[in-house]
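Novice: Got a structure here, written out as structure tokens. Questions coming.
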Amino acid sequence: MEMINKARKRRGNSRYYLFFFVSIIFVVAFGFAGWFALTRASIFTLSKVTVSGNTAIPDSLVYKITKPYLGTNLIAIPSAEVKEKFSAISRVKEIKLRKKLMHTLHIQVTERKGIIYIKSTEGDLHPTDADGVVLAKYSSVYTEDLPIYSTYLNNDQLKPGKKLKNAKLKRILEIHQRIAREAPDFIANISEYYYIDNTVNIIDAKHGTRIIPSDEDLAKQLSRYQFVQDNGNINKRSVVDLRFKNQVVVKAGNK
């Protein structure tokens, strides 16, 4: 009698397992059918693309990339594929897509920002970001107000998207970023960077003097320089050396 009861119990459990398995199949099939229907519904046809966050990248380039998707189902648009197309643009640091029902795709762009112009041997200026990546420019007019660093690189060596591996450039980028962090108001005073005798030199855009930045207390030394410049009548050809602690040393331009 006990064995018969156990057999009945096993058969009862089997019915529950079968019911659970069939339910899972039904839910998956229903979900797949629903997704299939949504990705083909004309009510979700993409008819509008919007963009935000871009300052250097023109809207027209964004619309050119997304144009093939117009008229297709918004839900079915493969986000990874769209992001991959944008990743080929050197100016793009990050792309976020937002599908706004019923008909709009929004592109949110995070751009790489140029912090310095690299001047080629041909005399052209190439914006470069903090990591040394050459950025594309979309106009013959230089719209970014950036300091210049002249190099012996030609235009073919300064292709957009290329990361420059140059010790001197790396040092200049590091100093520029230090100034941006520690003395941001001074950034606007910088017109050019030079390497002279393996030492970074800064050209003051307002006064034309050449400044050798300090490795320590940079903000304080630049503040001392500005005070001396405003009150000391420093000659335009002078070299101002800030590497001496708590001092602003003014030298003749040929020193």
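Novice: Among residues belonging to the range 142-155 that are surrounded by 14 or more Cβ atoms within 10 Å (Cβ to Cβ) and of a type in the set (Val, Ile, Thr), point out the one that is modelled with the highest pLDDT.
Specialist: 148
Novice: Then there's this: Go through the range 229-255 and report how many residues are among the hydrophobic types (A, V, I, L, M, F, W, C) and exposed (fewer than 15 other Cβ atoms within 10 Å of the Cβ).
Specialist: Within the range 229-255, residues that are among the hydrophobic types (A, V, I, L, M, F, W, C) and exposed (fewer than 15 other Cβ atoms within 10 Å of the Cβ) number 3.
Novice: Further, regarding this structure: Given (1) under 33 Å from the mean Cα position of the chain (by Cα); (2) at pLDDT below 95, identify the lone condition not met by residue 202.
Specialist: Unmet condition: (2).
Novice: Moving on. With the requirement that a residue be hydrophobic (A, V, I, L, M, F, W, C), assigned to a helix (DSSP H, G or I) and surrounded by 15 or more Cβ atoms within 10 Å (Cβ to Cβ), what does the range 156-186 give you?
Specialist: First, pick out the residues of the range 156-186 that are hydrophobic (A, V, I, L, M, F, W, C): 158, 164, 167, 169, 172-173, 175, 179-180, 183, 186.
Cutting the leftovers down to assigned to a helix (DSSP H, G or I) gives us 167, 169, 172-173, 175, 179-180, 186.
If the condition is that a residue be hydrophobic (A, V, I, L, M, F, W, C), assigned to a helix (DSSP H, G or I) and surrounded by 15 or more Cβ atoms within 10 Å (Cβ to Cβ), then 169, 172, 173, 175, 179, 186 are the ones that fit.
Novice: Just the residues that are closer than 18 Å to residue 128 by Cβ and free of Cβ contacts under 8 Å to residues at least 40 places away in the same chain, please, taken from the range 87-105.
Specialist: 92, 93
Novice: Exactly one of these conditions fails for residue 218: (1) crowded, with 18+ Cβ neighbours inside 10 Å; (2) in contact with a Pro (Cβ under 8 Å, 6 or more places away or on another chain). Give me its number.
Specialist: (2)
Novice: Identify the residue in the range 79-131 that is assigned to a helix (DSSP H, G or I) and not β-branched (Val, Ile, Thr) and, among all such residues, is surrounded by the fewest Cβ atoms within 10 Å (Cβ to Cβ). Outline the logic, then answer.
Specialist: Filtering the range 79-131 for residues assigned to a helix (DSSP H, G or I) gives 79-87.
Filter again for not β-branched (Val, Ile, Thr), leaving 79-81, 83-87.
Numbers: 79: 13, 80: 7, 81: 9, 83: 15, 84: 11, 85: 14, 86: 19, 87: 12.
By that ranking, first place goes to 80.
Novice: Still on this structure, please answer the following. Just a yes or no: is a residue in the range 223-235 closer than 13 Å to residue 182 by Cα and small (Gly, Ala, Ser)?
Specialist: So far as the range 223-235 goes, yes, one or more of its residues are closer than 13 Å to residue 182 by Cα and small (Gly, Ala, Ser).
Novice: From 189, 166, 155, 198, which residue is free of Cβ contacts under 8 Å to residues at least 12 places away in the same chain and over 30 Å from residue 74 (Cβ atoms)?
Specialist: 198
Novice: Okay, moving on. In the set 140, 87, which member is more than 19 Å from the chain's Cα centre (by Cα) and of a type outside the set (Phe, Trp, Tyr)?
Specialist: Working: 87 fails: more than 19 Å from the chain's Cα centre (by Cα).
So the residue among 140, 87 that is more than 19 Å from the chain's Cα centre (by Cα) and of a type outside the set (Phe, Trp, Tyr) is 140.
Novice: State all residues of the range 104-127 that are closer than 29 Å to residue 81 by Cβ and not aliphatic (A, V, I, L, M); if no residue qualifies, say none.
Specialist: Taking the range 104-127 as the starting set, the residues that turn out to be closer than 29 Å to residue 81 by Cβ are 104-114, 127.
Hits for the range 104-127 are 104, 106, 108, 110, 111, 112, 113, 114, 127.
Novice: Which condition from (1) among the small types (Gly, Ala, Ser); (2) in contact with a strand residue (DSSP E or B) (Cβ under 9 Å, 6 or more places away or on another chain); (3) over 23 Å from residue 91 (Cα atoms) is the one that residue 219 breaks?
Specialist: Of the numbered conditions (1) among the small types (Gly, Ala, Ser); (2) in contact with a strand residue (DSSP E or B) (Cβ under 9 Å, 6 or more places away or on another chain); (3) over 23 Å from residue 91 (Cα atoms), the odd one out for residue 219 is (2).
Novice: Sticking with this structure for a sec: Taking the stated definitions as given, is residue 241 among the acidic types (Asp, Glu), assigned by TED's automatic domain parsing to the domain that holds residue 170 and modelled with pLDDT of 90 or more?
Specialist: Considered against the rule, which asks whether it is among the acidic types (Asp, Glu), assigned by TED's automatic domain parsing to the domain that holds residue 170 and modelled with pLDDT of 90 or more, residue 241 comes out as yes.
Novice: Of the residues 225, 195, which single one is of a type in the set (Ser, Thr, Tyr), within 25 Å of residue 144 (Cβ to Cβ) and at pLDDT below 95?
Specialist: 195
Novice: Does at least one position in the range 227-238 carry a residue that is in contact with a Leu (Cβ under 7 Å, 6 or more places away or on another chain) and in contact (Cβ under 8 Å) with a residue 12 or more places away in the chain?
Specialist: There is no residue in the range 227-238 that is in contact with a Leu (Cβ under 7 Å, 6 or more places away or on another chain) and in contact (Cβ under 8 Å) with a residue 12 or more places away in the chain.
Novice: Only residues that are within 13 Å of residue 109 (Cβ to Cβ) and buried (at least 16 other Cβ atoms within 10 Å of the Cβ): list them for the range 45-60, please.
Specialist: Within the range 45-60, 49, 51, 54, 56, 57 meet the criteria.
The values are calculated or read from the model by the stated rules, or taken from the named source; none is laboratory data. Being a predicted model, the structure only gives us computed values, none of them experimental. No Cβ is skipped: glycine too gets one built from the backbone with ideal geometry, and neighbour counts run over all protein chains shown.
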